[in-house]
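The block underneath contains the structure these notes are about, expressed in structure tokens.
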Amino acid sequence: DTEVTQTPKHLVMGMTNKKSLKCEQHMGHRAMYWYKQKAKKPPELMFVYSYEKLSINESVPSRFSPECPNSSLLNLHLHALQPEDSALYLCASSPGTGFTYEQYFGPGTRLTVT
Amino acid sequence: AQSVAQPEDQVNVAEGNPLTVKCTYSVSGNPYLFWYVQYPNRGLQFLLKYITGDNLVKGSYGFEAEFNKSQTSFHLKKPSALVSDSALYFCAVRDWDDNNAGNMLTFGGGTRLMVKP
């Protein structure tokens, strides 16, 4: 299985809602990532988990809260988002934390904040 | 911080013709370079990478890339373009933060490839 899955595919939420994005991989990868991508722009790194521990937080607002319950799962909890947070949220994984590893991306969750 | 630049927002090519998507890099130390492709409303798919060794790297779907150290470039190429190659292409470089955590990718701005029949 060489796939990263993300649910839901689409999410519409109000600014007062609480929702979660889910990412799953069964490739035995030990590093997992969240990215935010605006239309026609490159992905921007948000968080990196290495061996289930948060290793990088790219100064992301606290309304985004990541969680890594186990080595196969990565969640992104959302609360009190702003309309400008509307974007494609991509999850990725890589075998480890070495410089040579490529990242495998999921299809993304298209988030709209109303 | 490491960086890559993609000087062309869009590249147009006729089906059957060779294509080139350009990427230049700026790094301290050895460059670790990657190419990804993104189809509409999809995630990124890995095409190929340069770590060390041969300057010509072969990847998925008939793509290859040429690493040129003197020109600090890593251009993506394909001998014969297909309409189905039309997509958004990103060059990326391995980056790291102040804690020397090398788990980061820094992407170029992307190049839209349009292959016309």
Checklist entry - What number goes with the only condition from (1) more than 8 Å from chain B (Cβ to nearest Cβ); (2) aromatic (Phe, Trp, Tyr); (3) closer than 25 Å to B:PRO31 by Cα that A:PHE99 does not pass? => result (1)
Next on the checklist: Out of the residues in region B:39-50 meeting the condition of being more than 10 Å from the chain's Cα centre (by Cα) and facing another protein chain (nearest Cβ under 9 Å), tell me which one is farthest from A:ALA87 (Cα to Cα).
Outcome noted: B:GLN45
Next on the checklist: Quick test for you: out of B:GLY53, B:GLY102, pick the one residue that is away from chain A (no Cβ under 11 Å), at pLDDT below 95 and over 16 Å from the mean Cα position of the chain (by Cα).
Outcome noted: B:GLY53
Checklist entry - When you look at B:TYR36, is it under 28 Å from A:GLN6 (Cα atoms), facing another protein chain (nearest Cβ under 10 Å) and touching a Lys or Arg at 6+ places or on another chain (Cβ under 7 Å), yes or no? => result no
Checklist entry - Looking at A:SER86, A:SER62, which is the one that is away from chain B (no Cβ under 13 Å) and under 25 Å from B:ALA1 (Cβ atoms)? => result A:SER62
Item to check | In region A:23-43, residue farthest from the chain's Cα centre (by Cα) [restricted to those that are within 10 Å of chain B (Cβ to nearest Cβ) and buried (at least 16 other Cβ atoms within 10 Å of the Cβ)] | outcome: A:PRO42
Next on the checklist: Looking for something part of a strand (DSSP E or B) and of a type outside the set (Gly, Ala, Ser) - is there at least one such residue anywhere in region A:94-105?
Outcome noted: yes
Checklist entry - Right, B:VAL93: away from every other protein chain (no Cβ under 11 Å) and either out of contact with any helix residue (DSSP H, G or I) (no Cβ under 6 Å at 6 or more places or on another chain) or modelled with pLDDT of 95 or more (or both) or not? => result no
Checklist outcome for this item: Just one listed residue, out of A:SER71, A:SER20, A:SER50, is among the small types (Gly, Ala, Ser), over 24 Å from B:GLN38 (Cβ atoms) and within 12 Å of another protein chain (Cβ to nearest Cβ), and it is A:SER50
Checklist entry - If B:GLY29 satisfies every condition in (1) within 25 Å of A:LYS36 (Cα to Cα); (2) surrounded by fewer than 19 Cβ atoms within 10 Å (Cβ to Cβ); (3) within 12 Å of chain A (Cβ to nearest Cβ) but one, which is the exception? => result (1)
Next on the checklist: If A:LYS40 meets every condition in (1) on the phi > 0 side of the Ramachandran plot; (2) touching a helix residue (DSSP H, G or I) at 6+ places or on another chain (Cβ under 9 Å) apart from one, which number is that one?
Outcome noted: (2)
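The values are calculated or read from the model by the stated rules, or taken from the named source; none is laboratory data. Owing to the predicted nature of the structure, the values given are computational and were not obtained by experimental measurement. Don't worry about glycine lacking a Cβ; one is built from the backbone with ideal geometry, like all the others, and counts go over all protein chains shown.
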